[in-house]
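I have placed the structure first, in the form of C-alpha cells, so that the comments after it can refer back to it.
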Amino acid sequence: MINPNQKHTTPLPIWRGWGWVIVIILYLTSCGDIENEYSNHAAYLRYDNSSHLDQTIGAALTGLTTNIFCRIYVTKPSQLNFQNNQGISSTVKLAARETQSPLALGLNNETGIIVGYGFGGTLYCYDACCANCYNNGKMFNLLSVNTSGIATCSQCNRQYDLTNNGLSPQGGRLERYFATASGQPVVLLVNNHYY
C-alpha cells in the first residue's frame, strides 16, 4: 500500500544532468565556418530559363554533370551574356518584366559570376574576378576557366578549383555567393547579402 504522505522521487537519468553540457558542446562545434563560406559582398540575380531555353546556361545548371561552369555577365543593361567552359557562348535579351528585378553580379557586372555544379552535386556560384588580385588592389582581373573546372587569372596566374569550393593550391579562394537552382527548365537564384 502506498503511503500518501511519503514523497516518491525517481532518480533523473544520467544524461539529463549533463543536458546543458551537451547543448553547449553541440553549439560550439556545429556549423564550423559556414558564415565564412560565402562572400560579404552583395550579389543578386533571378534568371528563369523557361522563357529563353538557353542551352549555354542550361548545361551548367542541370545538376547531372560536373565541370560545366558558365560565366554570366552584362554588357548592355537589358541583356545577359553566357559563356561556358565548353566553348559555348550566347546572349539573351531580357523581357521588360525581367529588367525590373535588381541585378548585382558580384563585384562587377561586366566581369560577372560563374555558376556550375562541382563534385557531390554542390551548386557553386563564384565571382569571375581573381580574388588574389582583387584583395591586392588590382581590380577585376577576369578568370578563364578550362574544361576541367580550373579557373586561372591571366595577371597573377593563380589557379582556383571551381569543383572544390574555389580553393587555390597557392592559398586563398574565390569569392563565393549563395545560389540555388530548381525546376526544369532551371530557375537560378543568386541572393547573397542583397537587401
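Tabulated values for the structure
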| read-out | value |
| --- | --- |
| Condition broken by Y117, with the remaining ones in (1) at pLDDT 85 or above; (2) farther than 23 Å from L174 by Cα; (3) hydroxyl-bearing (S, T, Y) satisfied | (2) |
| Enumeration of residues in segment 90-101 that are surrounded by 16 or more Cβ atoms within 10 Å (Cβ to Cβ), of a type outside the set (V, I, T) and over 12 Å from C70 (Cα atoms) | L94, E98 |
| Candidate set: segment 135-194, residues that are of a type in the set (S, T, Y) and within 11 Å of the chain's Cα centre (by Cα); chosen: the one farthest from G120 (Cα to Cα) | Y177 |
| Those residues of segment 62-112 which are charged (D, E, K, R), assigned to a loop (DSSP other than H, G, I, E, B) and either closer than 16 Å to V187 by Cα or at pLDDT below 85 (or both), in sequence order | R97 |
| Residue match in segment 153-164 (condition: farther than 18 Å from Y47 by Cα, surrounded by 16 or more Cβ atoms within 10 Å (Cβ to Cβ), touching a strand residue (DSSP E or B) at 6+ places or on another chain (Cβ under 9 Å) and hydroxyl-bearing (S, T, Y)) | yes |
| Residue match in segment 145-152 (condition: closer than 25 Å to H52 by Cα and either free of Cβ contacts under 8 Å to residues at least 60 places away in the same chain or touching a Phe, Trp or Tyr at 6+ places or on another chain (Cβ under 7 Å) (or both)) | yes |
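Here's the yes/no breakdown for (1) surrounded by 19 or more Cβ atoms within 10 Å (Cβ to Cβ); (2) more than 23 Å from L167 (Cβ to Cβ):
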residue	(1), (2)
S39	yes, no
R46	no, yes
L53	no, yes
L61	yes, no
T65	no, no
R71	yes, no
P77	no, yes
I88	no, yes
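The values are calculated or read from the model by the stated rules, or taken from the named source; none is laboratory data. Since the model is a prediction, treat every value here as computed from it, not as a measurement. Here the Cβ is made from the backbone with ideal geometry for all residues, glycine too, and neighbour counts use every protein chain on show.
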